[in-house]
Amino acid sequence: MSGAFDAYRRSQVAIAALFCCLGFQYATWVSRIPALKTRLDLSEAELGLLLMVCGAGAAVSFPLVAILTRRLGSRRLAILSALGLGAVLLALSVTPDYPVTLLIVFCDGVAVGCLNVAMNAQAAALEVKYRRTTMARMHATFSAGSLFAALLASGVTSLSSALPAHFATATVLVVLLVLGARGGLLSEAPEPDRQDEPAAPKRRGLTLPTRVTIWMGLAMAFGTVTEGAMNDWSALYLKDTAGAAAELAPLGIAVVSVMMVLARIFADGWRTKWGDDRIVRAGSALAGTGLALALLAGGVVPALIGFACVGLGIAAVTPCVYVAAARQGPDALALVAALGTTGLLAGPAVIGFIANGSSLAWGMGAVAASALVVSLCATQIRFPALTEA
């Protein structure tokens with residue numbers, strides 16, 4: 001028993017390092033969006049297009065993920081895509097103009113899409129292999145990586161506004177995380193247990209999604225729109241709309257990340273006690289309502305409180321939906337992961353277009369609405385019962 005637990009813990013830590021790596025890399029460059037915006041002299045529409053291109057890269061990667069997973073396995077795909085994310089940071093630090101930046105960010109979206117599917121496949125396989133719930137804790141390390149990236153960005157910005165030294169340091173940390181994780185990753189990905197859902201119809205080798213899988217995908221997409229928009233737009237909202245000082249602007253991401261880390265640390269226990277359905281419905285309602293009230297109140301302090309509500313409420317949504325999708329099988333997991341990454345990367349771009357057409361306050365209002373949509377989608381999903389955290 002001790003040997004099995006040690007093997008479980010080693011793999012758990014290794015897979016968690018992948019989640020941390022993705023959160024750290026993504027938050028590193030989005031926390032410096034104000035600097036990139038100033039350096040390249042971008043309008044909010046151009047910035048929104050930049051984020052949209054990142055989402056397009058993620059969307060393009062998904063038809064290739066199944067092929068790459070079969071040829072490389074989720075372990076090798078995770079390692080290669082994580083290293084690619086480090087290379088993206090180096091490229092962004094020296095990008096000469098807007099068109100080149102669009103290409104770099106497109107490549108970032110491809111790498112993010114590959115790593116997101118690969119690491120969640122690893123986490124789902126870990127739960128199946130050892131019969132232990134751990135997905136929420138895995139996603140906690142994603143938030144921890146985002147938190148560390150935000151704090152690093154805030155510290156670096158207080159010393160210098162230059163991007164190369166910051167992104168070079170971040171790249172070294174990404175490589176160290178990947179090297180540390182390599183030995184503990186699972187070499188096999190056993191198929192998750194299915195619930196008693198009817199088999200999805202097949203057409204020429206393609207598995208069509210069931211109705212419940214579609215609802216899962218929608219809940220994941222709108223949930224990650226909410227989560228991603230807080231990373232992409234909270235700094236600008238605090239600085240340009242709420243009137244926060246420049247050195248305080250990255251703390252919007254930090255507040256969201258702190259609450260998400262705390263919630264996800266305890267979320268597996270909450271899932272066992274109250275059930276995934278209640279956690280997702282109540283949490284997304286809290287996120288949407290709290291942010292909406294903060295926007296109506298205005299100011300830095302209400303904004304930070306609203307951001308905290310988003311972090312607390314939305315934290316367990318993606319882990320719960322990933323677990324439910326894993327029980328439907330690998331095809332459902334891949335589809336839900338695809339929609340999740342698309343929402344994370346493309347959704348905030350839509351917020352940028354809304355902000356450009358009206359104001360950033362209205363854009364953040366759309367984020368609050370997205371969280372409320374998740375609560376509605378959750379009423380159509382049959383979440384699995386869990387017995388051990």
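Every number here is computed from the coordinates shown, using simple stated rules; none is lab data. Because the structure is predicted, anything quoted here is derived from the model rather than measured. Here the Cβ positions follow ideal geometry from the backbone for every residue, glycine too, while neighbour counts run over all protein chains shown.
FRET efficiency for the residue 72 to residue 246 pair, using the beta carbon distance and R₀ = 30 Å, is estimated at 0.10. Protection proxy ranking of 72-79, 94-101, by the mean of other Cβ atoms within 10 Å over each peptide's residues and highest first, is 72-79, 94-101. Charging the Cβ of each Asp and Glu at -1 and of each Lys and Arg at +1, and nothing else, the dipole of region 251-389 about its Cα centre rounds to 160 debye. Between 0 and 90 degrees, the angle of helix 98-130 with respect to the longest Cα principal axis of the chain falls at about 30 degrees. Legend: P(r) of region 263-312 from all alpha carbon pair distances, 5 Å bins from 0, whole percents, reading 5, 22, 24, 18, 14, 10, 6, 1. Diagonalising the gyration tensor over the Cα atoms of region 227-314 and scaling each eigenvalue by 5 before taking the square root yields semi-axes of 26, 13, 8 Å, largest first.
Over region 279-389, the Kirkwood radius and the radius of gyration, each from Cα atoms, give a ratio Rg/Rh of 1.02. For the peptides 230-237, 115-122, 38-45, residues were scored by their other Cβ atoms within 10 Å and the scores averaged per peptide; the highest-first order is 115-122, 230-237, 38-45. If only the Cβ of Lys and Arg carry +1 and only the Cβ of Asp and Glu carry -1, the dipole of the chain around its Cα centre is close to 960 debye. Counting only alpha carbon atoms, the long axis of helix 211-236 and the longest principal axis of the chain meet at about 30°.
Projecting the Cα atoms of 169, 156, 128 onto the charge dipole of region 71-183, computed from C-beta unit charges around the Cα centre, puts 128 farthest toward the positive end. Of 251, 309, 241, which is farthest along the charge dipole of region 233-309 in the positive direction, counting Lys and Arg as +1 and Asp and Glu as -1 at C-beta? Checking the options against the dipole of region 233-309, the answer is 309. Each of residue 159 and residue 362 was given a label point 7 Å from its Cα along the Cα-to-Cβ line. The distance between the two points is 4.2 nm.
Working from label points 7 Å from Cα in the Cα-to-Cβ sense, the residue 169 to residue 274 distance is 3.8 nm. Since only 31, 49, 373 are under comparison, the one whose Cα sits farthest along the positive direction of the charge dipole of the chain, derived from C-beta charges on Lys, Arg, Asp and Glu, is 373.
For residue 40 and residue 97, the difference between the fully extended length at 0.36 nm per residue and the C-alpha to C-alpha distance is 19.9 nm.
Placing one equal scatterer on every Cα of the chain and applying the Debye formula, the log10 ratio I(q)/I(0) at q = 0.09, 0.14 Å⁻¹ is -0.46, -1.18.
Each part reduced to its alpha carbon centroid, region 62-76 and region 143-177 end up 29 Å apart.
Summarising the label geometry, the points placed 7 Å from Cα in the beta-carbon direction at residue 382 and residue 265 lie 3.6 nm from one another. The Stokes-Einstein estimate for region 35-114, based on a Kirkwood radius over Cα pairs and taken at 10 °C with 1.306 mPa s viscosity, is a diffusion coefficient of 120 µm²/s. Protection proxy ranking for 295-301, 252-258, using the average of other Cβ atoms within 10 Å per residue and placing the highest first: 252-258, 295-301.
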